[in-house]
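Structure first, then comments.
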Amino acid sequence: MVYGSVPTGRRNLATVRTALSHAVAMKNRILKALPSKDYRIIAPHLKPISLSKGIVLYEVGEKIGDVFFLEDGMVSYLSGTSDGETLEVSVVGNEGVVGIASILGDSTAFRCVVQIGGRAYSLKRDILRREFKRCEGLNRVLLHYTNALVVQVAQTAVCNKFHSVEERFCRWLLMAHDRSASDTFPMTQEEVARVLGSRRASVSVVAAGFQKRGAIRYSRGVIRILDRKYLESSSCECYETIAAAHSKVDA
Amino acid sequence: MKPTVNRDGSGQRANRILAALPKNSYAWLQSLEPVTLHQGMVLYEPDEAIEHVYFLNSALVSIISMNSEVSTVEIGMVGNEGIVGVPAILGGVTPYRAMVQVGGDALRVSGEAIYSEFRRNPFLRDLLLQYTNAFLIQVAPSSICNCYHTLQERLSRWLLVARDAVGSDLLFITHDVIARLLGTRRASITVAAGLMQRAGLIRMSRGQITILDPDGVEAMACECYGILRDHVRRLHTS
């Protein structure tokens, strides 16, 4: 695994700082939802890192070594057929933890790729597993998150089955926008087609329509969200269903 | 319709989660209530707190998304490898309905009782978490399958997964129900199933489908069947 980690000297300082003011500094909603007792146990083991776009965090069937609590940015779990077709089965941003499969089993069944770069805290999987069994609050939050993830995966399947490329693209843009730290993120039409399980040509047509209505600007593989309200009104109900499931995790 | 409670002391543990529990769970196992589930019964409704969870012995239950009354689709299937009511152990609800597709026996326990046993018994906890993972892995490929595979492939996959979950070649199920689970029209199922009957792979009669040639059906199914089967096998050998 290749990712840019913060130089050692600064890492210690960053860890101390986050341990002192966790509710204020943290954007990750799982970490924020922890009772301070549990957070104090986890915090010394969190390592701030940055994840850049395109990094593969896990391959299919790989044993999970580290889990990642994202602060911003977005990670995709991708499923594929033997013909090389791919489809995004779920995404993770600051509402979750990448590698939750490590508390359920051992390995992940999906390819896990950084779709929008951002900052994160990594944690050894063995520490998460150990504390998951000991810390009541951590246990509860992670199980709630697992429940929300089941809904997200199922609803994405339903969405791919019934909804148009336009509706699905809207849902995806809203989910990405929620997780990204800015209104702009790099994502080529080819990449959008791969996550939506659609053809590039269809994505191109839909994107042109959004641009014409002033909802997004899309040039040279960079998407800028201009009119979120428009996207909300054009999206299917799946966006709401998924957001509602995740909002219960730290409620 | 409510599940019928079996008083004859049957309810043998064909359920593979229960069968994998060590002997010291015996007292807790005695507290489970044997019931008979009938086709069409709804075990929980969307966003509803889960009253009972069910360890299935011979029944088959579909977890169904109901975007609207006309566009329903099955997001997952539970047989003797699992339990109905995963959200109860995770401490939540889901926007889906659990409905009995093929009637049979099950053992049930209240949502609160499973939640406290889940916290107390590390063996049960690990088994249920592994099953949750397997369920998640089952739900995800249905996404890619619905997107890329033909109805013929998906129907073949569905029949094989149902056959494994029930442990029988005979499935009591109508074309109409399968159409709703696969999110398609009844007429399309009739065409696809008719082709399989003419090829001698299945036999259909009123509300029943018999799988005559499982290998032949498997040859027609998409790779998703193999993936699902391997995950279930791994679940029970680990």
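The values are calculated or read from the model by the stated rules, or taken from the named source; none is laboratory data. This one's a predicted model, so the numbers in the text were calculated from it and none came from an experiment. Heads up, the Cβs are rebuilt from the backbone with ideal geometry, glycines too, and the neighbour counts pull from every protein chain shown. Keep in mind that these areas ignore ligands, DNA and RNA; they rest on the heavy atoms of the full protein, side chains included. Shrake-Rupley method; radii C 1.70, N 1.55, O 1.52, S 1.80 Å.
Classify chain B: rounded, prolate or oblate, from the alpha-carbon gyration tensor (a ≥ b ≥ c, eigenvalue square roots; a/c under 1.5 rounded; otherwise prolate if a/b is larger than b/c)?
Taking the square roots of the gyration eigenvalues as a ≥ b ≥ c, chain B is prolate.
What are the residues of the range A:150-170 that lose 40 Å² or more of accessible area, with a 1.4 Å probe, going from their chain alone to all protein chains?
With the partner chains in place, the range A:150-170 has these residues losing at least 40 Å²: A:150, A:151, A:153, A:154, A:157, A:158, A:161, A:162.
Give, rounded to the nearest 20 debye, the magnitude of the charge dipole that the range A:164-235 has about its Cα centre when Lys and Arg contribute +1 at Cβ and Asp and Glu contribute -1 at Cβ.
Dipole magnitude for the range A:164-235 comes out near 160 debye.
What FRET efficiency comes out for the pair residue A:63/residue B:206, r = Cβ-Cβ distance, R0 = 35 Å, nearest 0.05?
Efficiency, rounded to the nearest 0.05: 0.10.
Count the net charge of all other residues whose Cβ sits under 12 Å from the Cβ of residue B:186, scoring Lys and Arg as +1 and Asp and Glu as -1.
Its environment carries a net charge of +1.
Between rounded, prolate and oblate, where does the protein assembly as shown land on the alpha carbon gyration tensor, with a ≥ b ≥ c its root eigenvalues, rounded for a/c under 1.5, else prolate if a/b exceeds b/c? Show your work: numbers first, answer last.
Values: a/c = 2.02, a/b = 1.25, b/c = 1.61.
Judged from the Cα gyration tensor, the protein assembly as shown comes out oblate (a/c at least 1.5, b/c at or above a/b).
Which pairs in the list A:124/A:229; A:53/A:161; A:27/A:53; A:47/A:229; A:47/A:161; A:161/B:2 are over 30 Å apart, alpha-carbon to alpha-carbon?
From the list (A:124/A:229; A:53/A:161; A:27/A:53; A:47/A:229; A:47/A:161; A:161/B:2), the Cα-Cα distance tops 30 Å for A:124/A:229; A:47/A:229; A:47/A:161; A:161/B:2.
What is the local net charge at residue B:109, summed over the other residues whose Cβ is closer than 11 Å to its Cβ (Lys, Arg +1; Asp, Glu -1)? Spell out each step's value before the answer.
Values: positive: B:108; negative: B:33, B:51, B:112, B:117.
Cβ neighbours under 11 Å give a net charge of -3.
Quick one: buried accessible area between B and A, total over both chains, 1.4 angstrom probe, nearest 100 Å²? Kindly include the intermediate steps, with their values, before the conclusion.
Working: alone 11540 and 11810 Å², together 20030 Å².
Roughly 3300 Å².
Carbon and sulfur: what percent of the protein assembly as shown's accessible surface (1.4 Å probe)? Walk me through the intermediate numbers first.
Details: 10170 of 20030 Å².
So the carbon and sulfur contribution to the accessible surface is 51 percent.
Which shape class applies to the range A:25-159: rounded if a/c is under 1.5, otherwise prolate when a/b exceeds b/c and oblate if not, where a ≥ b ≥ c are the square roots of the Cα gyration tensor eigenvalues? Walk me through the numbers before you get to the answer.
On the way: a/c = 1.72, a/b = 1.54, b/c = 1.12.
Note, shape of the range A:25-159 comes out prolate.
For the range A:25-159, with only Lys/Arg (+1) and Asp/Glu (-1) charged at the beta-carbon, what is the dipole magnitude about the Cα centre, in debye rounded to 20?
The dipole magnitude comes to about 700 debye.
Given R₀ = 41 Å, what would the calculated FRET efficiency be for residue B:215 paired with residue A:53, taking r from the Cβ atoms and rounding to 0.05?
The formula returns an efficiency of 0.35 here.
For the protein assembly as shown, with every protein chain kept in place, what is the accessible area per residue (1.4 Å probe, Å²)?
41 Å²
State to the nearest 20 debye the size of the charge dipole of chain B about its Cα centre, where the only charges are +1 on K and R beta carbons and -1 on D and E beta carbons.
Using only the charged Cβ atoms, the result is roughly 220 debye.
For residue B:23, give me every one of the lysines with a C-alpha distance below 16 angstrom, ignoring sequence neighbours fewer than eight places off in its own chain.
none
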